[in-house]
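Report on the following structure.
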Amino acid sequence: MPAWGIVLIIIGVVTALLLIWVIPFNIWFRALVSGAPVSIPRLVGMRLRKIKVAMIIDAYITGKKAGLNIRVETLETHYMAKGDVVKVVNALISAHSAKIQLDIQTAMAIDLAGRDVLNAVKVSVNPKVIVTPMISAVAKDGIELKSKAMITVRANISRLIGGAGEETIIARVGEGIVTTIGSARSHKDVLENPDTISKTVLQKGLDSGTAFEILSIDIADVDVGKNIGSQLQMDQAEADKRIAQAKAEERRALAVANEQEMKAKTQEMKALVVAAEAEVPKALADAFRSGRLGVLDYYNMQNLQADTAMRNAIGGTDSKPKK
């Protein structure tokens, strides 16, 4: 075989492989026999745009078989927008089977918003039960009650875009339970009729602005906790006692300070008296030297003092302080 013949064979094989890769004949034939035909140029364009042709066509065939009115162009656009094509188609099929109003544009918007559109349809068909954590509240008599609620919800398709999620439902129900228990006169009233909690909370319209519709709220468990009222009174009494102790300590410290001050003043007065007594001999000596006081006068004064002391001793009125 000449060389140019071999080159032609190689070119032909490469061309055939390229055509097989660019033109997915197997996918085109599968769509054709499934009753959901797609043109070859459309498939070639999808392949050149690096779209998963097999996935898009399989989802298109599934939708057509389920009786959905969808177009390949719509699915292709949703895929290029980073959406989940298979989940959207399955959600549309589930909604169509359950006779729920859901068009493809709404389903794609819900999917692009980050919501699980297929799970939303399932929850809309089969309501979901949300269990709240243990919620603590205090009745007017000061007794703490701990309750747990089971919330039965159904997805609201029309409010999935922009609607609040499960966390908001749990928070609102918890707030309603705390308010209801807190307004009860006695914890016994709540224990006798726990259904009053669910009825009161259910009437508040807590599903407003959320992606769910609350069907029922059931109180699963109610337990008696601490006596918060007594505990608060004990804490208040303890605080009052500490304040009184602090004030008493302050008064004691002030009394001690006053006592120390009086002792200091007494010592100061004693020192002054001792100093004054020390000046008496000096004054006597000065009086003797100057002649203002004679020795006879001094002895007369001493005799007078001794006589006075004797009279006081006989009369039982000792002028000197007893030691």
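Matching residues to (1) closer than 18 Å to residue 117 by Cα; (2) of a type in the set (Val, Ile, Thr):
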position: 38; (1), (2): no, yes
position: 49; (1), (2): no, no
position: 53; (1), (2): no, yes
position: 57; (1), (2): no, yes
position: 72; (1), (2): no, yes
position: 82; (1), (2): yes, no
position: 89; (1), (2): yes, yes
position: 92; (1), (2): yes, no
Query raised in the report: Under the condition of being among the β-branched types (Val, Ile, Thr) and surrounded by fewer than 19 Cβ atoms within 10 Å (Cβ to Cβ), which residue from the stretch 76-92 is nearest to residue 50 (Cα to Cα)?
Result: 77
Report summary line: Within the stretch 31-48, of all residues that are part of a helix (DSSP H, G or I) and under 56 Å from the mean Cα position of the chain (by Cα), the one farthest from residue 66 (Cα to Cα) is 48
Report task. Might you let me know whether the stretch 176-187 holds any residue that is over 21 Å from the mean Cα position of the chain (by Cα) and either surrounded by 15 or more Cβ atoms within 10 Å (Cβ to Cβ) or not in a loop (DSSP other than H, G, I, E, B) (or both)? Result -> yes
**Report entry** Criterion: on the phi < 0 side of the Ramachandran plot and of a type outside the set (A, V, I, L, M) - qualifying residue of 205, 182
**Finding:** 182
Report summary line: Residue pairs qualifying under the 6 Å Cβ cut-off, at least six apart or on distinct chains, with the first in the stretch 221-236 being among the hydroxyl-bearing types (Ser, Thr, Tyr) and the second being in a helix (DSSP H, G or I), are none
Report task. Name the residue, out of 224, 273, that is open to solvent by 70 Å² or more (accessible area, probe 1.4 Å) and part of a helix (DSSP H, G or I). Result -> 273
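To keep it simple, each residue is scored yes or no on (1) open to solvent by 60 Å² or more (accessible area, probe 1.4 Å); (2) part of a helix (DSSP H, G or I).
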position: 218; (1), (2): yes, no
position: 239; (1), (2): no, yes
position: 242; (1), (2): yes, yes
position: 249; (1), (2): yes, yes
position: 253; (1), (2): no, yes
Report summary line: residue 153 passes all but one of the listed conditions (1) touching a Phe, Trp or Tyr at 6+ places or on another chain (Cβ under 6 Å); (2) without any contact (Cβ under 8 Å) to a residue 12 or more places away in the chain; the exception is number (2)
Report task. Evaluate the following for residue 31: is it crowded, with 21+ Cβ neighbours inside 10 Å and over 24 Å from residue 160 (Cβ atoms)? Result -> yes
Requested in this report: Would you mind finding the one in 169, 110 that is outside any strand (DSSP E or B), over 30 Å from residue 189 (Cα atoms), in contact (Cβ under 8 Å) with a residue 40 or more places away in the chain and open to solvent by less than 40 Å² (accessible area, probe 1.4 Å)?
Outcome: 110
Report task. Among what's in the stretch 152-166 and is surrounded by fewer than 16 Cβ atoms within 10 Å (Cβ to Cβ) and among the small types (Gly, Ala, Ser), pick the residue that is farthest from residue 124 (Cα to Cα). Result -> 162
Requested in this report: Test residue 207 against the stated conditions and say whether it is open to solvent by 70 Å² or more (accessible area, probe 1.4 Å) and not aliphatic (A, V, I, L, M).
Outcome: no
Query raised in the report: Of the numbered conditions (1) assigned to a strand (DSSP E or B); (2) among the hydrophobic types (A, V, I, L, M, F, W, C); (3) touching a Gly at 6+ places or on another chain (Cβ under 7 Å), residue 151 satisfies every one except a single condition; which is it?
Result: (3)
Report task. Give the residue that is farthest from residue 183 (Cα to Cα), with candidates limited to residues of the stretch 125-140 that are open to solvent by less than 60 Å² (accessible area, probe 1.4 Å) and outside any strand (DSSP E or B). Result -> 132
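The values are calculated or read from the model by the stated rules, or taken from the named source; none is laboratory data. Keep in mind that this is a model prediction, so the values were computed, not measured. Note that each Cβ is placed from the backbone with ideal geometry, even for glycine, and that neighbours are counted across all protein chains shown. When the accessible area is computed, the model is the full protein with side chains, heavy atoms only, and any ligands, DNA or RNA have been set aside. Shrake-Rupley method; radii C 1.70, N 1.55, O 1.52, S 1.80 Å.
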